[in-house]
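Colleague: Have a look at the structure that comes next, please.
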Amino acid sequence: MPPSITKIVTTEFAYGLEDQGPTPDGFHMVYDPGNSLDRHLFGVQVHTDEGIVGEYVGGNSPGMAELNQVADYLVGKNPLKRERHWSELKRALRKYDRMGMGPIDIALWDFAGKYHDAPIHELIGTYRDRIPAYASTYFGDMNGGLETPEDYADFAEECLDMGYRAFKIHPWGGQWRSTQRTVDTVHAVGERVGDEMELMLDPACQLETFGDAVRVGRACDEQEFFWYEDPYRDGGISQHSHRKLRQMLDTPILQTEHVRGLEPTTDFVANEATDFVRADPEYDAGITGAIKRARAAESFGLDIEFHAPGPAQRQCLAAIRNTNYYEMSLVGPKTPNTTPPIYADDYTDQLDSIDDDGTVGFPDGPGLGVEYDWEFVEANRTGQRVYE
């Protein structure tokens, strides 16, 4: 008899972050000494009649609201039929952004790996054993962390000494946002480490005009940046504007982090609106959706770069040829990553989680290859839903 899903449990929990606070607009976290705040995440558990539980910790409230609409469909189904379930959930959530598909699809892949006693990357087809990481900064602050262009240059040099060979700048936000300050930072970092590191810039759609995007892009050209990502207020979704930006700049453009769905992403590529493609298994309908994006990019002869760190990202990167880096984010000189303390093993995604060559490896245990600390999740639970 094939395995069957008996129950799905989603658990919301909170954990504290020390020396961090919001930017003036409240949309990003920055170094804020003495301040503390709580962050909420979700744990997803897919129970089966095999006694094997597919697991994933991540997601957000909007995604869980979508999962709430479709979880009952999965109860009683064969958890190994991921492609069928992916197709059905994609249709069921067609009126929404489908963010709810990511966590449940990852948990189904985790089940499959445990069922077959293999890491997920082995089920997909392993390509590599390690991959270089880039240090991806927190946003700038005015609190003594990344406060000046020189602070970014100092931190880039620190990362270089640790073994990183690539560095990505997230500049200032909110009231601190300044196009000229961003230009100055591009030059400060480029002049300090540009001969030894590949450099990237991600304004996170904060620049206010297309003209600002061009001004900053030309600074990236002068410093020979590796890519320029999500520059301005189109939200990273206008094919026309990014095709025009590509025509005006030499620095490669990286887009599609905010483009939901396989077909719109492929259209973005086909219409020459990006050079690199972006993917995230949590954002892009799971490992199933992220791998589809990677194969689509490969068919165009382009590379795909994964957003954010995590075990699901590592499993995908181990099985993909056309990719260059692992994003170690968010990191800064005075505060750790926001990764929750939910691993009961030695898995980490911190600034020092690289080897001397600046690379990371891939978990080789069954499924995602990590052991979650469900006692911590339960002890900090703020809500729960059970579908059976």
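What follows draws every value from the coordinates through simple rules; no lab data is involved. Just so it is clear, the structure is predicted and the values come from calculations on it, not from any experiment. Cβ: placed from backbone, ideal geometry, glycine included. Neighbour counts: every protein chain shown.
Colleague: What number, rounded to the nearest 500 deg cm²/dmol, is the helix-based mean residue ellipticity at 222 nm of the chain, given -39500 (n - 2.57) per DSSP H run of at least four residues and division by all its residues?
Modeller: After summing the helix terms and dividing by the residues of the chain, the value is -10500 deg cm²/dmol.
Colleague: To continue, here is another question. Out of all DSSP beta bridges in the range 149-265, what portion is antiparallel? Express it as a percent rounded to 5.
Modeller: On the way: 0 of 9 bridges.
The antiparallel proportion sits near 0 percent.
Colleague: Let me ask you something else. Taking 41 Å as R0, compute the FRET efficiency from the Cβ-Cβ separation of Met142 and Thr209 and round it to 0.05.
Modeller: Between Met142 and Thr209 the formula returns 0.95.
Colleague: Taking trypsin sites (Lys or Arg not before Pro) that fall in a DSSP loop and have at most 12 other Cβ atoms within 10 Å as cut points, what is the longest piece of the chain between them?
Modeller: Numbers: sites that count: Arg94, Lys95, Arg321.
The longest such stretch corresponds to 96-320.
Colleague: What do you get for GluC sites (Glu not before Pro) in the range 213-312 restricted to DSSP loop and a cutoff of at most 14 other Cβ within 10 Å of the site's Cβ? Could you put the intermediate results ahead of the total?
Modeller: Values: sites: Glu222, Glu224, Glu229, Glu257, Glu272, Glu282, Glu298, Glu305; in loops: Glu224, Glu257, Glu272, Glu282.
Qualifying residues, ordered by number: Glu224, Glu272.
Colleague: Hey, another quick one. In whole percent, what relative contact order does the range 100-219 give with Cα contacts below 8 Å and a gap of six or more residues?
Modeller: Normalised by residue count, the contact order of the range 100-219 is 23 percent.
Colleague: I've got another one for you. Please give the charge dipole size of the chain, origin at the Cα centre, charges +1 on K and R Cβ atoms and -1 on D and E Cβ atoms. Round to the nearest 20 debye.
Modeller: About 1980 debye.
Colleague: Next question, about the same structure. Could you tell me how many degrees, from 0 to 90 and to the nearest 10, lie between the Cα long axis of helix 61-74 and the main elongation axis, the longest principal axis, of the Cα atoms of the chain?
Modeller: Computed tilt is about 30 degrees.
Colleague: May I ask you to evaluate 6.51 cos²θ - 1.76 cosθ + 1.60, the Karplus curve with θ = phi - 60°, for each residue of the range 172-184 and list the ³J(HN,Hα) values in order in whole Hz, giving x for glycine and proline?
Modeller: Per-residue couplings from phi come out as 7, x, x, 5, 8, 5, 7, 4, 5, 5, 5, 4, 4 Hz.
Colleague: Tell me, what HN-Hα J-couplings in whole Hz come from the Karplus equation 6.51 cos²θ - 1.76 cosθ + 1.60 at θ = phi - 60° for each residue of the range 241-247, using x for Gly and Pro?
Modeller: Whole-Hz 3J(HN,Hα) from phi for the range 241-247: 5, 7, 5, 5, 4, 4, 5.
Colleague: Another question, then. Can you tell me what share of the DSSP beta bridges in the chain is antiparallel? A percent to the nearest 5 is fine.
Modeller: In the chain, approximately 60 percent of DSSP beta bridges are antiparallel ones.
Colleague: Next question, about the same structure. Dipole magnitude of the range 226-326 about its Cα centre, charges +1 at Lys/Arg Cβ and -1 at Asp/Glu Cβ only, in debye to the nearest 20? List each step's numbers first, then the result.
Modeller: Details: 11 positive and 15 negative charges, 27 e Å.
The calculated dipole for the range 226-326 is roughly 140 debye.
Colleague: Something else about it: May I ask for the distance between the Cα centers of the range 193-214 and the range 334-388, given as a whole number of Å?
Modeller: 30
Colleague: Another question, if that's okay. At a threshold of 8 angstrom on Cα-Cα distance, excluding pairs fewer than six apart, so keeping six or more, what relative contact order does the range 19-138 reach in percent?
Modeller: Once normalised by length, the contact order is 25 percent.
Colleague: Of Ser87, Leu67, Tyr134, which is farthest towards the positive pole of the range 66-140's charge dipole, taken about the Cα centre with +1 and -1 on the beta-carbons of Lys, Arg and Asp, Glu respectively?
Modeller: Looking along the dipole axis, the top candidate is Ser87.
Colleague: What nm distance separates the two modelled labels at Glu83 and Glu157, each placed 7 Å from Cα along Cα→Cβ?
Modeller: Reported label-point gap for Glu83 and Glu157 is 5.4 nm.
Colleague: Using amide H atoms built 1.01 Å from N in the peptide plane, name the residues 5+ places from Tyr343, or on other chains, whose amide H lies under 5 Å from its own.
Modeller: The list, which skips near neighbours in sequence, is Asp373.
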